[in-house]
Structures are given as C-alpha cells and as structure tokens.
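A.B. asks: Before anything else, here's the structure in question.
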Amino acid sequence: MSFAELWESLLPIGRDPGTGGYRRFSWTAADAECRAWFIRAASERGLPVTPDKNGNLWAWWDTQATSPNAPPTSSAPPTSSAPPTSSANREILGYFGAGGAIAVGSHLDSVPDGGAFDGPLGVVSAFAAIDLLRERGFVPARPIVVAAFSEEEGARFGVACLGSRLLTGAMRPDAARELRDDSGITLAEAMAAAGHDPGLLGEDDELLSRLAVFVELHVEQGRALVDKDAAIGIAAGIWPHGRWRLDFTGKPDHAGTARLADRHDPMLPYAVAVLAARRVASDYGTRATFGKVLAEPGAANAVGSVVRAWLDARAPDEEALQRTVATIRSEVELVCAEHGVTFRLRRESVTPVVEFDAGLRDQMAAVLAARGIKAPVLPTQAGHDAGILAARLPTAMIFVRNPTGVSHAPDEHAESSDCEAGVAALAAILEDLASS
C-alpha cells in the first residue's frame, strides 16, 4: 500500500463534515476507530501490536522475534546497501545494548477541529517508511517499533502528552486517574469504559529499557521551511511551555437589574487577563494564549458566577516563561481585588526546555546530507511526545514543510510531494539507525 492509500484510509476518521476539522479525542469512539486503524495497518505488515499500560500503542518490526518480550536480536550484519554506521551512531546506540529498538511514530488524537496532519502524519509516515525499506530488501539488525501515543494534545483531559508523561514517570498515575473532561468524566472512567484498566497506569521502565532512540516525524507548525526552500527540517529543541488553569469566582446576578457598582463579575478580570497575556507576551518575546474558556451558568442575560480559562504560555527560556505567567497573574490579582472576585491559578502541566540529543541530530543530518536531502535545523515552540521522552532516551524530530504555516486548524497542510520526501528521509534515518 502506498503512502497516499494509507493516508486516505485514515482521513475520514473523526472528521467533522461541517468544519472540515478533526475531533479525535482520547478514549472516545473516534479514538477507538483510530486505534483499530493502527492495528489494521500493523497487521497488514505483519507487525505485532502491544498496547502498553498507559494506552500507547506499539507495533514491532523484528525479523528475528515477533514480540517485544523476545530475547534481543543478534548483531548480524544487515543485508542492505546502507552506508557503514558511523562512530557517532555507535556511541548513541552502544549504551543501550544490541537489542535496543529504534522507536518512531507520533500520535493520532487531535485538538478540537484540528488539522489532518498534526500527529497522524508521523504515524502514517512510519508505516510507509517500513514499506519502503522492505521494498529495498532491508533487514534490520535491531527492532523498529512504530508508536502511537495517547492524549498527546490534552484536548479531553487537559494535560498534553499524557501518554508519554505517564510512561516516563513525569505524571503521577493517581493524579492522572482523577483528571476530568468538561463533562466531569474522569480519565479512569473513560479508560475503563473503553476496556482498559486505569489501575495499570504509571511509569514503565521495562518498556523504556527496550528502546534505544525515538524519532518523531511531524508536520511543521509554522512556515520556516517555506522561507528556507526546504521540504524537510530537523528540530534543534523545544521551547519550555506549560498550561495553567485560571478560576474566577464572582457572584451571579441579573444582567438588567444588578447595579454596576454592586456586581462581582468574574468576566471582567478574565477579560483583563486576555489583554494582559497579549501585551506581556509581546513585551517579553514569548507566547501567551487563552484558547479555552467556560462561563457558568452561561446565560446571556445574567452576570456569571464562575469563569474558568486556560492559559497556554511558551518562551525561549524558562526564566522568560515564569516571568510571563507571573506578570499576568499579578495584573489579574489587582483587578480581581477591585471587583471583589476570588482568583485561583493552578498549573496543570509544564515542560522544561528540551534540547534534542546533539549526537543523534548530527547523525541524522549527515545521513540526509549524504543522500542530497536539504534539512535545516529549526527550533520549535510546540510540545511533542519526543520532548517528554527526551528525559529518558535520545530523541529527535524531523519536520515536513507546511506551506500555510497554520496548525491546530483545518488549513494545516503538507503537499503530497513533501510528505513523500518525509517518508524517504525517515526511511533513510531508520535504515542507518537499525543497521547497527
């Protein structure tokens, strides 16, 4: 099956016919369809699928074993025309032993009305790269495993990269089980309803010990590659970023009869927070965004009782990130006091700055350069599972050009020729890494 055919088989799942965007939220019917698609794609390629205890999916290509529980593969030389593995590559892979798998993949979930490419492009490209390697007769000396991580976007339960955070121990399982969606359903309840045991959630050192490196292909979020006239890019690192929940509690009242001087309106300090976020981010060279807000009771002719809002903040360094949030908080507290509104700010998730493994990044750049593939190195302001896994093993990312520059929206795009270039680049990298 070609990349185009594989891509088309996934496209209809979770797509909203009205907006053209996707609503693939974790542990929903759309998520179950995505998981079934992943298992079918793996089965068509003879790859055993192992769900881990955190809901992430793993499809294993190991020509000498059919299960991740099998003994390590031998280090017999591959039957491939790949160039000899460099000393840098041997150094990266050596301290994981001969059996460490090369992990590749991304996620299948989406933000509300998200684009088609964010996440799924990496999973589809991983399967397509394996197809390409098999067509060439390549036999890996170490396993290659395709991963699909759960709840990467945090669209349902509010914590981005939840599956990889639980896997690596960056999120406590007891806290994760109590996360709630907008309907009040806990993660534990949602997982149980989907047939998964939430009691198993938590760090998985055994699985991580089987992985040598993780490479994530992702659609570019921005349009730097257009300016650089390159179809492919390599990530340098990820800005530190986080998500904070702001609760404004006032006093419900009538929109017509309540005098302005008597009101305790939580919407007013929320409005100040939105404007402050834009101004502070502009002053500090950071990013600060309110993209989700819930007002209670939600009547058009009433002063609200509670406003809940979520701040997404990102910065070039951790000091700038902390200063951005602290400045917004300080301004909001003053306005809340003026209007008699109670204010609470709670951090939901924070990811520190991530510098991807320099040795792995340089090795990838060398592999692509040897094949005449232009791949400039770029920073990214978006979070990814690769950034979470970087705390436990060498990770890297490659980007596929996005001519619109739009992400997390239906206009997100990548040309088919660039997607094919991404598959070719990923196959070259996997061939190099899995040859040792």
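A.B. asks: Mind pulling the per residue volume of the convex hull built on the Cα atoms of the range 241-349? Å³ is fine.
C.D. replies: On the way: hull volume 9.3 nm³, N = 109.
Convex hull volume per residue, Cα atoms: 86 Å³.
A.B. asks: Residues with amide H under 5 Å of Ala302's amide H, sequence separation 5 or more or different chain, H placed in the peptide plane at 1.01 Å from N; which?
C.D. replies: Ala255
A.B. asks: May I ask you to derive the FRET efficiency for Ala302 and Glu415 from their Cβ-Cβ distance with R0 = 51 Å, giving the value to the nearest 0.05?
C.D. replies: The calculated FRET efficiency here is 0.55.
A.B. asks: Starting from the Cα of Ile185, step 7 Å toward the Cβ, then list every residue of the range 9-41 with an amide N under 12 Å from that point.
C.D. replies: Only 25-32 pass the distance filter.
A.B. asks: Continuing with this model, one more query. May I ask for the angle, rounded to the nearest 10°, between helix 120-135 and the longest principal axis of the chain, with both axes built from Cα atoms and the value confined to 0 to 90°?
C.D. replies: With rounding to tens, the tilt is 0 degrees.
A.B. asks: Can you list the aspartates and glutamates whose alpha carbon sits under 18 Å from that of Lys251, skipping same-chain ones fewer than 8 residues off?
C.D. replies: Answer for Lys251, where 18 Å is the Cα cut-off: Asp262, Asp265, Glu296, Glu333, Glu338, listed by chain and number.
A.B. asks: Between Ala175 and Ala271, what is 0.36 nm times their sequence separation minus the Cα-Cα distance? Round to one decimal in nm.
C.D. replies: Gain on stretching Ala175 to Ala271: 31.5 nm.
A.B. asks: With θ set to phi - 60° and the Karplus curve 6.51 cos²θ - 1.76 cosθ + 1.60, what are the ³J(HN,Hα) couplings of the range 250-262 in order, to the nearest whole Hz, using x for Gly and Pro?
C.D. replies: x, 10, x, 6, 7, 5, x, 8, 6, 5, 4, 5, 9
A.B. asks: Something else about it: Where does helix 416-433 land angle-wise versus the long Cα axis of the chain, in degrees 0 to 90, nearest 10?
C.D. replies: Relative to the chain, helix 416-433 is tipped by roughly 60 degrees.
A.B. asks: Return the sequence-ordered ³J(HN,Hα) values of the range 344-353 in whole Hz as given by the Karplus equation 6.51 cos²θ - 1.76 cosθ + 1.60 applied to θ = phi - 60°, using x for Gly and Pro.
C.D. replies: 9, 10, 10, 6, 9, 7, 9, 10, x, 4
A.B. asks: Suppose every K and R has +1 on its Cβ and every D and E has -1 on its Cβ; what is the size of the dipole of the range 241-349 about the Cα centre, in Debye to the nearest 20? The partial results should precede the final answer.
C.D. replies: Numbers: 16 positive and 14 negative charges, 45 e Å.
With only Lys, Arg, Asp and Glu charged at Cβ, the dipole is about 220 debye.
A.B. asks: Report the full-extension gain for the segment Arg45 to Ser9: residue separation times 0.36 nm, less the Cα-Cα distance, to one decimal in nm.
C.D. replies: Values: separation 36, 0.36 × 36 = 12.96 nm, distance 1.51 nm.
Computed gain between Arg45 and Ser9 is 11.5 nm.
A.B. asks: Here's something else I'd like to know. Considering only Glu348, Glu189, Glu135, give the residue with the highest GNM mean-square fluctuation for the chain, with springs between Cα atoms whenever their separation is below 10 Å.
C.D. replies: Maximum fluctuation in the GNM of the chain, among the listed residues, is at Glu135.
A.B. asks: How much length is gained if the chain between Ser2 and Asp229 is pulled fully straight, taking 0.36 nm per residue apart and subtracting their Cα-Cα distance, in nm to one decimal? Let's see the in-between values first.
C.D. replies: Working: separation 227, 0.36 × 227 = 81.72 nm, distance 2.59 nm.
So the extension gain works out to 79.1 nm.
A.B. asks: Applying the Karplus parametrisation 6.51 cos²θ - 1.76 cosθ + 1.60 with θ = phi - 60° to the phi angles of the range 40-55, what ³J(HN,Hα) value in whole Hz is obtained for each residue in order, glycine and proline being reported as x?
C.D. replies: 5, 4, 5, 4, 4, 9, x, 9, x, 9, 10, x, 8, 6, 9, x
Only the coordinates and a few stated rules stand behind these numbers; no lab work does. Fair warning: this is a prediction, and the values are worked out from it, not measured in the lab. So basically every Cβ, Gly included, is an ideal-geometry build from the backbone, and we count neighbours across all protein chains shown.
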